[in-house]
Amino acid sequence: MDLHFLEPEVAGGHGEKTVYGTKKDIEMEGISGKVKFLHYEIEGWLGDDLLEATPAFIISGRVENELRKSKFKDYKVEECLVTTSDEFKELYQNKKIPSFCRFIPLGSIEVIKDNFTSWSGHHFCLSSKGELVVTKEALDFLQKFSMENCDIEIIKQL
């Protein structure tokens, strides 16, 4: 089976109100435990509905609403704080930012170059390095939304 390695748009990064997890949090929750509360500060947004600030991801409210209606259950969403930088406000005075929430895949996988191993079988997975990997079915779902700036690579099982 082939899976899909996603590298979403990086529209910003961790803001000053991000709360980082402890070593114990990471041991219990995996790489997503590195961030307990995400403050995503947008510096330049090209319009995608899925954004990244390693090891965290955010999805637009549109994606969240449709995910909740879908059969997918191997993820969780959390509130996060999304702000725009001073530079963004200056450059894009009329650009509206939609609502976003944190997206946490619950599956696990190991990625080695163009291959994967130790796949948990979930549709949405995170590697120990914080890389996002999805099934074809999950990719088809996500591609109903704006992902024009997301790099997608097929990876094969070792």
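Considering the range 88-136, and only residues there that are acidic (Asp, Glu) and open to solvent by less than 80 Å² (accessible area, probe 1.4 Å), the residue that is nearest to residue 64 (Cα to Cα) turns out to be 131. Among the residues of the range 148-158, those identified as open to solvent by 20 Å² or more (accessible area, probe 1.4 Å) and outside any strand (DSSP E or B) are 148, 149, 158. From the list 44, 13, 33, the one residue that fits, being more than 16 Å from the chain's Cα centre (by Cα) and among the small types (Gly, Ala, Ser), is 44. Out of 107, 130, 121, one residue alone is over 16 Å from the mean Cα position of the chain (by Cα) and not aromatic (Phe, Trp, Tyr). It is 121. The residue pairs whose first member lies in the range 135-158 and is within 20 Å of residue 114 (Cβ to Cβ), whose second member is in a loop (DSSP other than H, G, I, E, B) and open to solvent by 30 Å² or more (accessible area, probe 1.4 Å), and whose beta carbons are closer than 6 Å, counting only pairs six or more residues apart or on different chains, are 135/123; 138/123; 155/114. Whether any residue in the range 100-110 is in a loop (DSSP other than H, G, I, E, B), without any contact (Cβ under 8 Å) to a residue 60 or more places away in the chain and not β-branched (Val, Ile, Thr) is what I want to check. Checked the range 100-110: at least one residue is in a loop (DSSP other than H, G, I, E, B), without any contact (Cβ under 8 Å) to a residue 60 or more places away in the chain and not β-branched (Val, Ile, Thr). Kindly check whether there is at least one residue in the range 114-128 that is touching a Cys at 6+ places or on another chain (Cβ under 7 Å) and part of a strand (DSSP E or B). Checking the range 114-128: not a single residue is touching a Cys at 6+ places or on another chain (Cβ under 7 Å) and part of a strand (DSSP E or B). Residue count for the range 1-57 under the criterion of being of a type outside the set (A, V, I, L, M), over 22 Å from residue 148 (Cβ atoms) and in contact with a Leu (Cβ under 8 Å, 6 or more places away or on another chain): the result is 9.
The values are calculated or read from the model by the stated rules, or taken from the named source; none is laboratory data. Small disclaimer: the values here were computed from a predicted structure and weren't measured. For neighbour counting, all protein chains shown are included, and Cβ atoms are generated from backbone atoms with ideal geometry for every residue, glycine included. Surface accessibility is based on the protein's heavy atoms, side chains included, excluding ligands, DNA and RNA. Shrake-Rupley method; radii C 1.70, N 1.55, O 1.52, S 1.80 Å.
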